Structures are given as C-alpha cells and as structure tokens.
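A short write-up of the structure that comes next.
Coordinate-derived values only; no laboratory data. Predicted, not measured: the structure shown is a model, and the values here were computed from it. In this analysis, Cβ positions are derived from the backbone assuming ideal geometry, glycine residues included, and neighbour counts consider all displayed protein chains.
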Amino acid sequence: MEKKINKLKISVHIPFYFDESKNKKIKNLNKICNTYLKLSKKTKIFIHTNKKRISDNKRVKFIYHNLTNKHPFALTWFPRRLMNKQANKYDIFIYGEDDILFSKKNLEYWLKNKDICIKNNYNLGFLRVEKNKHLYAIDQIKKLK
C-alpha cells in the first residue's frame, strides 16, 4: 500500500487565520503541514489565510484572502472554489484545519475501507476528537449511545 499511497496526488486545504500573538498556533500549523507532506510525495498544501505569506516549501502555498468587514470564520468557506477548479488534477482532497492532525495511518485506513462503505451506501469519514484527560467528540450535538 505504501507504493500506491506515494503515487497519489493529494490536495490539502487548510484555512488559517494569522494572529501574530498566537505563536503556538503557527508552530502547530507547521507540525500539521509536515504530517500532511508525509502522506505522499505528490501532496500539495494550500493554506488559505488573511495575511500575505510566501512558503519556503514548493509543496506548500499560501493563498491570501481579504477579510476586511468579514468575520474570521468566513475564511473556512474560501477553499471550496479552488477545490472545485482542482477537481480533475488530484486523486484525493483533504479539508483540514490548523488543529487537526491527520496521519498516513488515517489515510491507509480510509483507502482500505472506503470502497466497501461506498458499495453499501455509506460514506467513510472521521470523527474529530480532542484529548485532555478524557476523549471528547467535538462535532456531536447529542450524547453517543
């Protein structure tokens, strides 16, 4: 499977609101990007942001969006247009965030199980969790059974 994954063209889109006072978030973004870059040699990362930036890495591109008179959360909607334009250029699309870690192990699991799920009219996805002393599912609005 390793050989197959390395040939996949993966497009990763991450909205990131730059706030210079939050150095920890910038460090975390670097960690997240490095993890995505390990997925495949053909992974490209597009960071949608409110500040003009240039990356030292050819596989990471910052895309500036003017957020004047817009709430910072509006940034999460901007990747859609580019993803639509890229539809025929990549094998896999990942919408991530600056605090969501996604590993090669996650991708291998998805690749192994997605077809059987689709065949049975299911869409295999991932549950976002946060870890403190306990594990929390953060997108659930009702108690899990």
Taking the chain and counting helices only, DSSP H stretches of n ≥ 4 at -39,500 (n - 2.57) each over all residues, the nearest-500 ellipticity at 222 nm comes to -9000 deg cm²/dmol
Loop-resident trypsin sites (Lys or Arg not before Pro) in segment 53-91 with no more than 11 other Cβ atoms inside 10 Å, DSSP not H/G/I/E/B, are K58, K89
Yeah, segment 1-75 with a ≥ b ≥ c from its alpha-carbon gyration tensor (a/c under 1.5 is rounded, else prolate when a/b outruns b/c, oblate otherwise) is prolate
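Loop by DSSP (not H, G, I, E, B), at most 13 other beta-carbon atoms within 10 Å: where is the longest site-free stretch of the chain for chymotrypsin sites (Phe, Trp or Tyr not before Pro)? Walk me through the intermediate numbers first.
Details: sites that count: Y122, F126.
Result, exposed sites excluded: 1-121.
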Expressed to one decimal in nm², the mean projection of the alpha carbon convex hull of segment 1-45 is 3.2
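Step through the table entries K25/K85; K41/K104; K31/K58, compare each Cα-Cα distance with 22 Å, and write down the pairs that go over it. Walk me through the intermediate numbers first.
Numbers: K25/K85 29 Å; K41/K104 12 Å; K31/K58 17 Å.
K25/K85, as the Cα separations exceed 22 Å there.
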Log entry: pair-distance distribution for the chain, C-alpha pairs binned every 5 Å from zero, whole % per bin is 2, 8, 16, 19, 21, 16, 11, 6, 2, 0
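As an exercise, take the mean of 1/r over every pair of distinct alpha carbons in segment 75-123, invert it, and state the Kirkwood radius in angstroms. Don't skip to the end; give the middle numbers.
Working: mean 1/r = 0.0772 Å⁻¹.
Its Kirkwood hydrodynamic radius stands at 12.9 Å.
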